[in-house]
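Working notes, beginning with the structure itself.
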Amino acid sequence: MLGNQFAVQKFGVTPFEYEGADVQIDWGLDDLVFARVRVATGNDPAVRRISYPKNAFDPLYHPKPHLLPDPSEDLPAIVQSFTSNANCDRYLVVTKFRLRPQNTNLDLNGIGTYNQGLGSMLRHSHVFANVALTLLDGRSYARIDRTLVNMRNRFSEGMRMTENPLKHLDNSDFPAPPAAAASSATLREKARGLVAEQLDQALPDYLKGE
């Protein structure tokens, strides 16, 4: 669900000073998600991982332009397309999303790293992981509301007085060229750490009573 793409993005002062690339990685992010779910459920044998076609989530990550929303491109319809015979009570889906922080020209795509600043000297680098959890009813595929959990987690993150060490990146570790990200142990460990941290924070409340 998180796939094997890592965004490498470079921002200047204006929106016109932008460079970006998606790099293929093999960091086992989907394996990490399942491992954290197993831990959160106490290795419940009823919890199982469902494989999905390689391009199943393309309509979500790369939607085609439409005058009106296409229901077949909505997450519940995508999940239903490959789970019709799975017969599960609930489906927990972990996906990526774009984040546009307020009062910035940033557009942070999924999981990746970015470098921002002026010229070649006044710059700073960070790692990010925009991960969303969605719980679906196993029969109707309706979304099970977890809005309060999401709001609480965002509030907790916003109250940090210092930057999360997993998000901080030395400029020397920012990949140049972007393809160098795939072999960076630093980026791999920070990205996996951020994903695991978010899952470990959200999953206990997300799965409570299910």
Given the options L75, A176, F57, identify the residue whose Cα lies farthest towards the positive end of the charge dipole of the range 5-206 (+1 on Cβ of Lys, Arg; -1 on Cβ of Asp, Glu). L75
Where a ≥ b ≥ c are the square roots of the eigenvalues of the C-alpha gyration tensor, would you call the range 89-138 rounded, which needs a/c under 1.5, or, failing that, prolate if a/b is larger than b/c, or oblate? prolate
Restricting to Cα pairs below 8 Å that are 6+ residues apart, what does the relative contact order work out to for the range 5-206? Please round to a whole percent. 26
Straight-line reach from K10: which aspartates and glutamates fall under 13 Å, measuring Cα to Cα and dropping same-chain residues less than 8 apart? E19, D22, D107
Send over the per residue convex hull volume for the range 34-140, Cα only, as a whole number of Å³. 166
Can you compute log10 of I(q)/I(0) for the range 5-206 with the Debye formula, treating each Cα as one identical point scatterer, at q = 0.18, 0.19 Å⁻¹? -1.43, -1.52
Roughly how far apart, in whole Å, are the Cα centres of the range 65-99 and the range 8-26? 28
Straight-line reach from K190: which aspartates and glutamates have a Cα under 13 Å away, not including same-chain ones fewer than 8 places off? D170, D173
Name the residue, out of A40, A180, A191, whose mean-square fluctuation peaks in a Gaussian network model built on the chain with Cα pairs under 10 Å. A180
Hits among lysines - C-alpha to C-alpha of K54 under 23 Å, sequence gap 8 or more where chains match: K64, K96
Can you compute the charge dipole magnitude of the chain about its Cα centre, using +1 on each Lys and Arg Cβ and -1 on each Asp and Glu Cβ, nothing else charged? Give it in debye, rounded to the nearest 20. 240
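Quick note: the coordinates plus some simple rules give every number you see, no bench work behind them. A quick note: this is a predicted structure, and the numbers were derived from the prediction, not measured. Counting neighbours? That spans all protein chains shown, and the Cβs are built from the backbone with ideal geometry, glycine included.
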